[in-house]
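Q: Below you'll find the structure I mean.
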Amino acid sequence: MFGVSQERILYKRISMQTTVKAMPGRSFSMGSLGEATGSDGTVYHPFNSAKFFAVGNVTEFRIYGKDKEPFQGFYWGPYFTYTYYKLTSGTYPGQFQDNAGVTYQADLQQTFKVSTIGGGLQIGIQGVI
């Protein structure tokens with residue numbers, strides 16, 4: 001994952017930091033996970049050529065101690081996070097029938113999408129070099 005952060009001062013002792021993170025679509029192999037059998041009885045491994053993608057954001061509000069300015073010393077505050085994941089399998093042949101009983105051949109592909117949302121309270125120490 002790649003990430004970029006930006007912290008901005010909102011008030012005397014309060015700042016907000018936003019981190020945007022992304023993982024460009026990347027192909028990889030997951031072995032025999034999700035094994036599928038085609039209409040001709042052939043066993044396929046669609047996750048041998050899977051593709052994974054992710055993007056997200058973390059937003060933090062930081063409240064610094066009374067004796068310090070933002071970017072220095074002890075801080076605490078709430079944070080919120082969101083991440084979206086997408087996993088796509090390779091294609092494999094399959095067949096299906098419509099309501100009239102006509103059989104169709106098609107290349108099938110599985111896609112899994114997951115979004116996570118979270119938040120909490122953080123405590124930390126920051127210094128600037």
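Q: Which one of these does Asn57 not meet: (1) over 16 Å from Ile9 (Cβ atoms); (2) modelled with pLDDT under 95; (3) within 26 Å of the chain's Cα centre (by Cα)?
A: Result: Asn57 fails condition (2) only.
Q: For region 68-78, enumerate the residues that are closer than 20 Å to Ile129 by Cβ and either without any contact (Cβ under 8 Å) to a residue 12 or more places away in the chain or part of a strand (DSSP E or B) (or both).
A: Gly73, Phe74, Tyr75 - these are the residues of region 68-78 that are closer than 20 Å to Ile129 by Cβ and either without any contact (Cβ under 8 Å) to a residue 12 or more places away in the chain or part of a strand (DSSP E or B) (or both).
Q: Additional query: Kindly indicate whether any position in region 42-53 is modelled with pLDDT of 95 or more and closer than 20 Å to Thr19 by Cα.
A: no
Q: For region 58-95, which residues satisfy the criterion of being hydroxyl-bearing (Ser, Thr, Tyr) and crowded, with 16+ Cβ neighbours inside 10 Å?
A: Tyr64, Tyr75, Tyr79, Thr81, Thr83, Thr88, Ser89, Tyr92
Q: Within region 78-122, take every residue that is modelled with pLDDT under 95 and β-branched (Val, Ile, Thr) and give me the one that is farthest from Tyr44 (Cα to Cα).
A: Here the residue is Val102.
Q: In this structure, does Val114 turn out to be free of Cβ contacts under 8 Å to residues at least 60 places away in the same chain and touching a Ser or Thr at 6+ places or on another chain (Cβ under 9 Å)?
A: yes
Q: Which condition number does Gln109 fail, the rest of (1) on the phi > 0 side of the Ramachandran plot; (2) surrounded by 10 or more Cβ atoms within 10 Å (Cβ to Cβ); (3) not hydroxyl-bearing (Ser, Thr, Tyr) being met?
A: (1)
Q: At pLDDT below 90 and in contact with a His (Cβ under 9 Å, 6 or more places away or on another chain), is that true of Ser39?
A: No; evaluated as a whole, the condition is false for this residue.
Q: Another question about this same structure. Go through region 102-129 residue by residue and tally those that are farther than 14 Å from Thr81 by Cβ and of a type outside the set (Val, Ile, Thr).
A: 12
Q: Considering each residue of region 1-15, count those that are under 30 Å from Phe52 (Cα atoms) and either more than 25 Å from the chain's Cα centre (by Cα) or touching a residue at least 24 places away in the same chain (Cβ under 8 Å) (or both), and give that number.
A: Within region 1-15, residues that are under 30 Å from Phe52 (Cα atoms) and either more than 25 Å from the chain's Cα centre (by Cα) or touching a residue at least 24 places away in the same chain (Cβ under 8 Å) (or both) number 2.
Q: Of these, Ile117, Ile129, Ile123, which one is under 25 Å from Ile9 (Cβ atoms) and either in a strand (DSSP E or B) or among the hydroxyl-bearing types (Ser, Thr, Tyr) (or both)?
A: From the options Ile117, Ile129, Ile123, the qualifying one is Ile123.
The values are calculated or read from the model by the stated rules, or taken from the named source; none is laboratory data. Computed from a predicted structure; not experimentally measured. Quick reminder, even Gly has a Cβ in these numbers, built from the backbone with ideal geometry, and neighbours come from all protein chains shown.
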